[in-house]
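Enquirer: A single structure is presented below for examination.
The values are calculated or read from the model by the stated rules, or taken from the named source; none is laboratory data. Because the structure is a prediction, the values reported are computed rather than measured. Cβ sites come from the backbone with ideal geometry, for glycine too, and all protein chains shown count toward neighbours.
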Amino acid sequence: MIPLLEAKPGRPRTSLLQERLAARFHQRQVQLLQAVQQAAVAIRRRYRSLAGPIAELASRVGLVGLASLRRRIEQLLGQARQALQDQLIPLGLLGYRTAGQAVLDALPAEWLPVFAGLAAAKAKLPVREATVPEPQQPAWQVRYDWEPIVRGAIRGQKAKEFVQSLLFPPPKEEQVTDWLISAPPGGLSWQERLRRWEEPVRQAMFNDLVHGLVAGENVDGLRARLERWTDGLAYKAQRIARTEGCRVAERAGRSSFQGMGGMLQGLQIVAVMDEWTRPHHVARNGRIYWQGPDGLYRDERGELLPDLPDEPNCRCMTIPVLRPPPEWAQNPAAMAAFQTATGQLIPDPASYQQWWQQASEREQMTAVGVRRWQTVRDLLQKEPIPRKPEWADFIDPEGRLLPIETLQAETPQERAERLQQVRRMLAERERLFRQAASQGFVGPGPSGGRRSSWPT
């Protein structure tokens, strides 16, 4: 384990805050991927269901109604495309909302006043908490202050919701639509790609129906002819839904990060580390792209941050890399918590452990990979006292997910020794983060001093 203010020789120092952000955004990733999968399955069903109504119409109008049949096929495909877009719009809203939540959940409550100040500078909306106007000033010239948060009158979840509503206000519908339909750099939009796929399929469906009608086939025969085509469309639409659902959520997240203004100094790629992840995506997990004067994000080699997903079914997303507020410059503990990683990303295992205890088995599988989860489950069922998998069962003493092969080769004694080390690390990690939180900048209290703690 890497201590708070030290790093092993030859290895980069990873901050507690960045690790905690990574854990929260991994958890957000699980939530988004499940929502994306649900939307993709619904779209697949919608496209597969097209065979029935088209076959029924063809049987009813016969060869004399081929013109109306062609128009009806085009109309149904257009409705399916619209249904796909309707399924993806909520994913953009979810991606935006959960990005702000993940940032605020990663922060200690003591640090919320800094973000409240950011919100005060950014927000131009009426705020319920305000001071009394100065004498001789018009009633509408009200000076807003953030004493309710600084003093703790508003705290915990209410304080987070208050800050989030101003720092990360919900996007407008047209903005979400733009995130969804805009083509990636140098590529085609998903609508253009889907239309290109549909054109030859639509003609093939029409030709098959003509042959079936000439042969005198009934509705069932016509439906059977169409199903091979609608199944192909369903597969393509489902893949597009998975990819573009992740894209709109990623674009929404990046847009929400802009609300943090000067505190945002970079973006860090987070991959899903399971058996389906591409090797080159595993290699870039944890890579940081720093924001330049031109507003673009580049890594140490000068390569631009890709528009994610950058391949079909890619599930990579980004998390924000923050810089400390100027008022924390003389606070060593607070600055230490803001030191950012420059290499391999290791999510805060203590933060992940807390989430794991409340997560469903399906969420756990999404987080670590189905095969890895099943491997650990099967191993634990063979122990003298069978038990359910814990987060500690999947990681090494530095918080990294273990490969399936390593888990399978481990003896019961080796597993017990590793778990003992991991549990010590989890307890120490939690202690260090609480120490950094309690020593961080809070702002002036009623007596002008610093608050050392603020219960949530």
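Enquirer: So, in region 393-418, exactly how many residues are in contact (Cβ under 8 Å) with a residue 40 or more places away in the chain and either touching a Leu at 6+ places or on another chain (Cβ under 7 Å) or among the basic types (Lys, Arg) (or both)?
Expert: Of the residues in that region, 2 qualify.
Enquirer: From the list LEU402, LEU407, which residue is touching an Asp or Glu at 6+ places or on another chain (Cβ under 7 Å), buried (at least 16 other Cβ atoms within 10 Å of the Cβ) and under 26 Å from GLU430 (Cα atoms)?
Expert: Every option except LEU402 fails the conditions.
Enquirer: Any residue in region 155-167 that is part of a helix (DSSP H, G or I), basic (Lys, Arg) and either surrounded by fewer than 19 Cβ atoms within 10 Å (Cβ to Cβ) or free of Cβ contacts under 8 Å to residues at least 40 places away in the same chain (or both)?
Expert: Going through region 155-167, the residues part of a helix (DSSP H, G or I) turn out to be 156-167.
Among the residues that remain, those that are also basic (Lys, Arg) are: 158, 160.
With either surrounded by fewer than 19 Cβ atoms within 10 Å (Cβ to Cβ) or free of Cβ contacts under 8 Å to residues at least 40 places away in the same chain (or both) added as a condition, the list becomes 158.
There is at least one residue in region 155-167 that is part of a helix (DSSP H, G or I), basic (Lys, Arg) and either surrounded by fewer than 19 Cβ atoms within 10 Å (Cβ to Cβ) or free of Cβ contacts under 8 Å to residues at least 40 places away in the same chain (or both).
Enquirer: Right, next: Restricting to region 285-322, what's the tally of residues that are surrounded by 15 or more Cβ atoms within 10 Å (Cβ to Cβ) and outside any loop (DSSP other than H, G, I, E, B)?
Expert: 12
Enquirer: Let me ask another. Tell me, which residue of region 231-259 that is hydroxyl-bearing (Ser, Thr, Tyr) and either farther than 30 Å from LEU209 by Cα or touching a Phe, Trp or Tyr at 6+ places or on another chain (Cβ under 6 Å) (or both) is surrounded by the most Cβ atoms within 10 Å (Cβ to Cβ)?
Expert: The residue in question is SER256.
Enquirer: Consider PRO170 carefully, then state whether it is closer than 26 Å to PRO108 by Cα, within 23 Å of the chain's Cα centre (by Cα), at pLDDT 85 or above and not basic (Lys, Arg).
Expert: yes
Enquirer: Something else now. Restricting the search to region 222-274, which residues are in contact with an Asp or Glu (Cβ under 9 Å, 6 or more places away or on another chain) and over 29 Å from GLU300 (Cβ atoms)?
Expert: LEU222, ARG223, ALA224, ARG225, LEU226, ARG228, TRP229, LEU233, LYS236
Enquirer: Tell me, please, whether a residue that is of a type in the set (Asp, Glu), without any contact (Cβ under 8 Å) to a residue 24 or more places away in the chain and part of a helix (DSSP H, G or I) can be found in region 222-243.
Expert: no
Enquirer: Surrounded by fewer than 18 Cβ atoms within 10 Å (Cβ to Cβ), free of Cβ contacts under 8 Å to residues at least 40 places away in the same chain and either farther than 21 Å from ARG284 by Cβ or touching a Leu at 6+ places or on another chain (Cβ under 8 Å) (or both): is that true of GLN364 in this structure?
Expert: Details: surrounded by fewer than 18 Cβ atoms within 10 Å (Cβ to Cβ): no; free of Cβ contacts under 8 Å to residues at least 40 places away in the same chain: yes; either farther than 21 Å from ARG284 by Cβ or touching a Leu at 6+ places or on another chain (Cβ under 8 Å) (or both): yes.
So GLN364 fails the test.
Enquirer: With respect to ARG202, determine if the residue is under 19 Å from ASP310 (Cβ atoms) and part of a helix (DSSP H, G or I). Full working, then the answer.
Expert: Working: under 19 Å from ASP310 (Cβ atoms): no; part of a helix (DSSP H, G or I): yes.
Here the answer is no, as ARG202 does not meet what is asked.
Enquirer: Go through (1) in contact (Cβ under 8 Å) with a residue 12 or more places away in the chain; (2) more than 24 Å from GLY187 (Cα to Cα) one by one and return the number of the condition GLY292 breaks.
Expert: Unmet condition: (1).
Enquirer: Hey, can you tell me all the residues within region 367-399 that are loosely packed, with under 13 Cβ neighbours inside 10 Å, touching a Lys or Arg at 6+ places or on another chain (Cβ under 9 Å) and either of a type in the set (Gly, Ala, Ser) or modelled with pLDDT of 90 or more (or both)?
Expert: Those that are loosely packed, with under 13 Cβ neighbours inside 10 Å, touching a Lys or Arg at 6+ places or on another chain (Cβ under 9 Å) and either of a type in the set (Gly, Ala, Ser) or modelled with pLDDT of 90 or more (or both): GLN381, LYS388.
Enquirer: May I pose another question? Do the conditions hold for VAL103, that is, is it in a helix (DSSP H, G or I), aliphatic (A, V, I, L, M) and surrounded by 16 or more Cβ atoms within 10 Å (Cβ to Cβ)?
Expert: Numbers: in a helix (DSSP H, G or I): yes; aliphatic (A, V, I, L, M): yes; surrounded by 16 or more Cβ atoms within 10 Å (Cβ to Cβ): yes.
Judged against the criteria, VAL103 is a match.
Enquirer: Within region 44-89, how many residues turn out to be exposed (fewer than 15 other Cβ atoms within 10 Å of the Cβ) and among the hydroxyl-bearing types (Ser, Thr, Tyr)?
Expert: The number of residues fulfilling the criteria is 2.
Enquirer: Could you check how many residues of region 69-107 are among the small types (Gly, Ala, Ser) and over 30 Å from VAL41 (Cα atoms)?
Expert: Result for region 69-107: 1.
Enquirer: Looking at (1) over 30 Å from ILE89 (Cα atoms); (2) basic (Lys, Arg); (3) at pLDDT below 90; (4) not in a loop (DSSP other than H, G, I, E, B), can you tell me which one ARG20 breaks?
Expert: (1)
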